[in-house]
Amino acid sequence: MALKVELKPNERIIIGACVITNTDQRARLLIEGDKVPILREKDILTPETANTPAKLVYLAVQLMYISPDPQVNHGTYFNLVRDIVTAAPSAWPIIEGINNNILSGDLYRALKEARKLVAYEKTLLDHNKARNNREAGMEEQRSA
């Protein structure tokens with residue numbers, strides 16, 4: 001069964017080991033192949049945009065997904081995961097899902113689980129920022 005992909009003008013997509021950039025018009029592709037890694041631009045993280053621990057995990061899983069030898073990135077991935085679990089043990093259920101998919105060889109599903117980790121990290125950071133803002137406001141009120 002083929003995958004139909006519609007690309008916006010100038011949108012990029014990774015198919016296998018190739019980065020394909022669309023021209024200035026919409027394009028429709030029909031991609032046939034067995035277990036060919038495909039990533040749309042909106043799902044691609046670069047080293048420059050992987051600026052949080054969870055995004056670095058996502059990047060490591062992404063590299064596993066598009067690599068002909070995913071195990072090359074296992075060490076990096078497991079080091080990053082260990083750091084996250086140490087800092088935020090509550091993230092373990094999501095990480096366990098990523099791990100299970102990696103170990104079963106379903107790297108696309110592992111990538112989808114890694115998106116959940118990025119969203120969870122954002123929730124934690126937003127909660128922490130709101131708490132710090134409240135504490136700073138209370139401190140200002142005390143000193144006034």
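Can you tell me how many residues within the range 45-69 are under 13 Å from residue 17 (Cα atoms) and either open to solvent by 30 Å² or more (accessible area, probe 1.4 Å) or outside any helix (DSSP H, G or I) (or both)?
Going through the range 45-69 one residue at a time, the tally reaches 6.
Is there a residue in the range 101-109 that is modelled with pLDDT of 95 or more, in contact with a Gly (Cβ under 9 Å, 6 or more places away or on another chain) and either surrounded by 10 or more Cβ atoms within 10 Å (Cβ to Cβ) or within 23 Å of residue 48 (Cα to Cα) (or both)?
Within the range 101-109 (the criterion being modelled with pLDDT of 95 or more, in contact with a Gly (Cβ under 9 Å, 6 or more places away or on another chain) and either surrounded by 10 or more Cβ atoms within 10 Å (Cβ to Cβ) or within 23 Å of residue 48 (Cα to Cα) (or both)), the answer is yes, since at least one residue qualifies.
Looking only at residues that are farther than 30 Å from residue 78 by Cβ and among the aliphatic types (A, V, I, L, M) in the range 110-144, which one is modelled with the highest pLDDT?
130
I'm trying to understand the selection: among the residues of the range 70-83, which are open to solvent by 30 Å² or more (accessible area, probe 1.4 Å) and among the β-branched types (Val, Ile, Thr)?
Within the range 70-83, 72, 76 meet the criteria.
Quick one: in the range 3-16, of everything that is touching a helix residue (DSSP H, G or I) at 6+ places or on another chain (Cβ under 7 Å) and of a type in the set (A, V, I, L, M, F, W, C), which residue is farthest from residue 33 (Cα to Cα)?
Per the criteria, the residue is 13.
Restricting to the range 14-44, count the residues that are open to solvent by 60 Å² or more (accessible area, probe 1.4 Å) and at positive phi.
Residues flagged as open to solvent by 60 Å² or more (accessible area, probe 1.4 Å) and at positive phi within the range 14-44 amount to 1.
Which residue pairs have Cβ atoms closer than 6 Å, lie 6 or more positions apart in sequence or on different chains, and pair a first residue in the range 27-49 that is acidic (Asp, Glu) with a second residue that is open to solvent by less than 90 Å² (accessible area, probe 1.4 Å)?
Pairs found: 32/2; 41/11.
The values are calculated or read from the model by the stated rules, or taken from the named source; none is laboratory data. Only a predicted model underlies this, so the values are computations on that prediction, with no experimental measurement involved. Neighbour counts are summed over all protein chains in view; Cβ atoms, including those assigned to glycine, are modelled from backbone coordinates with ideal geometry. The accessibility values were calculated without ligands, DNA or RNA, using every heavy atom of the protein model including side chains. Shrake-Rupley method; radii C 1.70, N 1.55, O 1.52, S 1.80 Å.
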